[in-house]
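J.: Dumping the structure here so I can ask a few things about it.
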Amino acid sequence: MNPTLQQDLKDIENILEKVKKQGIDFLNNIDIVPTSTNNSITTDRNLNNSGLGAVAALEEFNQRLAPLMVSQAGPRYWGFVTGGVTPASIVGDWLTTIYDPNAQATNAQGGVSALIEIETINLLLQLLDLPKSFLGGFVTGATMSNFTSLAVARQWYGKQIGQDFAKNGISVPVNILVATPHSSSVKCLSMLGIGSQNFTRIKTIEGNREAIDIADLEQSIIRLNGQPFILISSAGTVNTADFDDFVAITKLKEKYNFWWHIDAAFGGFAACSPKYKNFVNGWENADSITVDCHKWLNVPYESAFYLIKEEHKNDQVETFQNSNAPYLGDPLENFSYLNFLPENSRRLKALPVWFSLLAYGKQGFQDIVENSVAMALQLESFITQNKNFELLAPTRLNNVCFTLAGDHNQEKVNLFLTHLNDKGNVFMTPTVYQNCKGVRASFVNWRTTDKDVKIAIADLEATLLEYI
Ligand SMILES: *Cc1c(COP(=O)(O)O)cnc(C)c1O
């Protein structure tokens with residue numbers, strides 16, 4: 001064995017002790033770690049010939065790289081849709097690394113860790129009150145979950161017109177209908193060879209909504225004249241957390257032949273609360289659903305899952321079958337994730353989720369969801385009461401979308417936000433909503449309290465005074 005490795009192996013207790021202590025220090029101070037930084041590095045470090053050993057590498061990390069870390073997992077990082085890490089999720093994440101299984105199979109001598117993943121999916125179905133007719137698995141993020149779902153949808157589509165796209169490639173245009181696609185779904189259309197421009201954009205409901213206009217959807221379906229299509233719908237748009245009407249879409253599904261995908265990356269967690277569950281009524285009738293865990297479930301990156309109806313298992317296996325593992329018979333016997341999703345070797349991403357669900361239960365996630373919405377409403381209430389700001393849409397759930405009041409301030413919005421973010425106490429992202437430049441604050445972190453909202457409000461007011 002290499003001597004440095006041998007030394008590290010002997011020293012493992014000391015090494016992990018140091019990391020644990022550093023981790024505790026960071027987590028105990030996450031409230032005061034800045035949410036933005038101007039620190040940088042030159043990225044051309046030379047690789048040394050003989051190794052430093054883990055302790056010296058940690059010292060260099062602390063000196064050069066740790067200053068690049070901002071409080072993204074903290075209570076006031078409201079940019080994008082950014083979750084944090086709960087104690088139980090850290091336990092699961094650390095153990096995933098330590099055991100380091102390659103999660104593929106459920107009954108192979110070489111490892112059956114995929115059983116943990118299947119159990120976790122079953123727990124998630126219970127959390128979200130979805131039926132067992134979905135099969136699910138973990139991927140890195142909602143982008144890959146959308147990709148996995150839409151890849152199976154593509155295979156299904158081919159079958160409707162007598163083609164096997166997985167074997168022969170795409171030979172004809174694929175009909176895609178969507179109203180307010182997340183950018184990642186459009187990226188998936190590009191990655192899947194369907195084409196990022198090749199979708200029909202359905203109108204949204206009138207009156208400042210991002211949800212699909214069902215009448216316009218049905219008109220577009222009728223124009224397809226009986227051809228199959230794939231509908232990409234939204235449970236939670238990023239700007240205004242708007243939801244398509246899944247009860248109405250269910251009715252359309254009884255009349256027309258289409259694959260129904262729901263991007264529920266964060267909005268799916270509305271199902272955790274009796275107050276907001278109505279947003280997802282009817283979603284159980286979808287063919288596939290995308291949900292992110294590194295957002296509202298507050299587990300570390302990278303963690304998301306797809307749910308695809310079991311009835312589509314053949315389309316799924318045709319899409320992802322690994323050519324070295326030909327299937328005989330039922331793909332669910334001798335089940336392996338290898339043949340159900342894009343990756344082959346895989347981290348056991350389910351374990352941090354498993355720990356979180358057992359540790360906090362249904363009530364824990366109901367509380368997180370309801371608290372996030374309450375915090376969003378507190379910020380909204382400040383925005384509506386301050387004449388310098390203007391709400392761009394009502395806060396339906398956890399995302400607050402607002403701008404500087406007055407058309408003449410439109411060109412100042414991005415500068416305002418840059419200065420706000422520079423203070424390092426709160427982080428939000430720029431957006432464009434209905435041709436208007438705005439700011440978006442998304443609440444999904446379990447740590448956020450009204451104290452944090454007050455800190456953000458103080459900085460919003462200060463930034464107004466300084467720059468507007
Ligand atoms: C965040 C998000 C995505 C992309 O998720 P990643 O985890 O970043 O890949 C897709 N759809 C919606 C609605 C999202 O909010």
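J.: Longer than 22 Å from Cα to Cα, which of 21/349; 18/451; 167/253; 387/412; 20/451; 20/454 are they? Say none if no pair is.
T.: Details: 21/349 24 Å; 18/451 32 Å; 167/253 28 Å; 387/412 16 Å; 20/451 28 Å; 20/454 32 Å.
Pairs exceeding 22 Å: 21/349; 18/451; 167/253; 20/451; 20/454.
J.: Pop out the carbon and sulfur fraction of the accessible area of segment 362-467 as a percent, whole number, probe 1.4 Å. Mind dumping the intermediate values first?
T.: Working: 2360 of 4560 Å².
Summing carbon and sulfur atoms, their accessible area is 52 percent of the total for segment 362-467.
J.: Distance in nm between label sites at residue 362 and residue 410, each 7 Å beyond Cα in the beta-carbon direction?
T.: Taking the simple label geometry, residue 362 and residue 410 are separated by 4.8 nm.
J.: At what distance in nm do the modelled label points of residue 37 and residue 171 sit from each other, each positioned 7 Å from its Cα along Cα→Cβ?
T.: 5.4
J.: What is the diffusion coefficient of the chain in µm²/s, taking the Kirkwood radius over Cα pairs and the Stokes-Einstein relation at 4 °C with a viscosity of 1.567 mPa s? Can you show the working numbers first?
T.: On the way: Rh = 24.0 Å.
D, rounded to a whole number, is 54 µm²/s.
J.: When the chain is fully extended, how far beyond the present Cα-Cα distance does residue 22 get from residue 225, taking 0.36 nm per residue of separation? Walk me through the intermediate numbers first.
T.: Details: separation 203, 0.36 × 203 = 73.08 nm, distance 6.24 nm.
Contour length minus the Cα-Cα distance gives 66.8 nm.
J.: According to a simple spin-label model (label point 7 Å from Cα along Cα-to-Cβ), what is the distance in nm between residue 6 and residue 465?
T.: Going from the residue 465 label point to the residue 6 one covers 6.5 nm.
J.: Do the sum for the chain: with -39,500 (n - 2.57) for every DSSP H run of n ≥ 4, divided by all residues, what is the mean residue ellipticity at 222 nm, to the nearest 500 deg cm²/dmol? Don't jump to the answer; show the numbers that get you there.
T.: Details: 14 runs with 183 residues, N = 468.
My calculation for the chain gives -12500 deg cm²/dmol from helical runs alone.
J.: Based on the Cβ-Cβ distance of residue 198 and residue 14, what FRET efficiency does E = 1/(1 + (r/R0)^6) give at R0 = 45 Å, to the nearest 0.05?
T.: The formula returns an efficiency of 0.20 here.
J.: A further question on this structure: Hey, quick one: spin label on residue 55, modelled 7 Å out along Cα-Cβ, who in segment 1-43 has an amide N within reach, i.e. under 18 Å?
T.: Within reach of a label on residue 55: 3-23.
J.: Full extension from residue 432 to residue 44: what is 0.36 nm times the residue separation minus their Cα-Cα distance, to one decimal in nm?
T.: Numbers: separation 388, 0.36 × 388 = 139.68 nm, distance 3.62 nm.
Value of the extension gain: 136.1 nm.
J.: From the square roots a ≥ b ≥ c of the eigenvalues of the alpha-carbon gyration tensor of segment 89-356, which class results: rounded (a/c under 1.5), prolate (a/b over b/c), or oblate? Please list the in-between numbers first.
T.: On the way: a/c = 1.99, a/b = 1.28, b/c = 1.56.
Verdict is oblate for segment 89-356.
J.: So, for the chain, what is the accessible surface per residue at a probe of 1.4 Å, expressed in square angstrom?
T.: Numbers: 21580 Å² over 468 residues.
So the chain comes to 46 Å² accessible per residue, rounded to a whole number.
The values are calculated or read from the model by the stated rules, or taken from the named source; none is laboratory data. Computed from a prediction, not measured in an experiment: that's the story for all the values here. Methodologically, a virtual Cβ is constructed for each residue, glycine included, from the backbone with ideal geometry; neighbour enumeration extends over all protein chains shown. Areas reflect the complete protein model, heavy atoms only, side chains present, ligands, DNA and RNA absent. Shrake-Rupley method; radii C 1.70, N 1.55, O 1.52, S 1.80 Å.
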